[in-house]
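The structure appears below as structure tokens.
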Amino acid sequence: MGNCLSSQRSGTRAGDEAGARAADDLSLLNDSGDGNNFPGDPPPLSSPQPPPPYRGREPIPVYHRSPSQSRLATQLTEEEQIRIAQRIGLIQHLPKGIFDPGSEGSEKKMKECVICMLDFVYGDAIRFLPCLHTYHVHCIDDWLMRSLTCPSCMEPVDAALLSSYETS
């Protein structure tokens, strides 16, 4: 069995080795600085390093016309960019809300987003379509960027939204 205390006697080979190990252990403890480093950890950085170049750039949006086709925003024609901007504007005009199962007739309310198949949870951001179907905001926004129809009843959202403005 080894002794965890450093040897008091020096001059012998065993005593010198034990003293050297104890000195090394103490130097590791003293060199750790803030006490959060352990042997084998990399030394703390003296000055913050600048981020790698790939972190400084904003990602270029990618648009998927269909599941097999995707293009960068910089590769789109001007007409396609205008069409996407119009679609985004149309989607932003659809009403949003927060899911609250305790309000008015919770038994009749849809409790599941049919796009992601997850149940609505209190506080989820939801979007209402003109046909009165309800979805998670991020789910339906992605859906509507590809197809302007309701995923449940296939009613065209753009025509229904425009007709709702005409009747008001």
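Listed here are the residues, each with its yes/no results for (1) over 29 Å from the mean Cα position of the chain (by Cα); (2) over 21 Å from ILE84 (Cα atoms); (3) at pLDDT 95 or above; (4) not basic (Lys, Arg).
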position: GLY102; (1), (2), (3), (4): no, yes, no, yes
position: LYS109; (1), (2), (3), (4): no, yes, no, no
position: LEU118; (1), (2), (3), (4): no, yes, no, yes
position: TYR122; (1), (2), (3), (4): no, yes, no, yes
position: THR149; (1), (2), (3), (4): no, no, no, yes
position: ALA159; (1), (2), (3), (4): yes, no, no, yes
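Within the stretch 118-161, track down each residue that is assigned to a strand (DSSP E or B), surrounded by fewer than 16 Cβ atoms within 10 Å (Cβ to Cβ) and aliphatic (A, V, I, L, M).
ALA125
The values are calculated or read from the model by the stated rules, or taken from the named source; none is laboratory data. These figures come from a predicted structure and were not determined experimentally. Glycine gets a Cβ as well: all are built from the backbone with ideal geometry, and neighbour counts include every protein chain shown.
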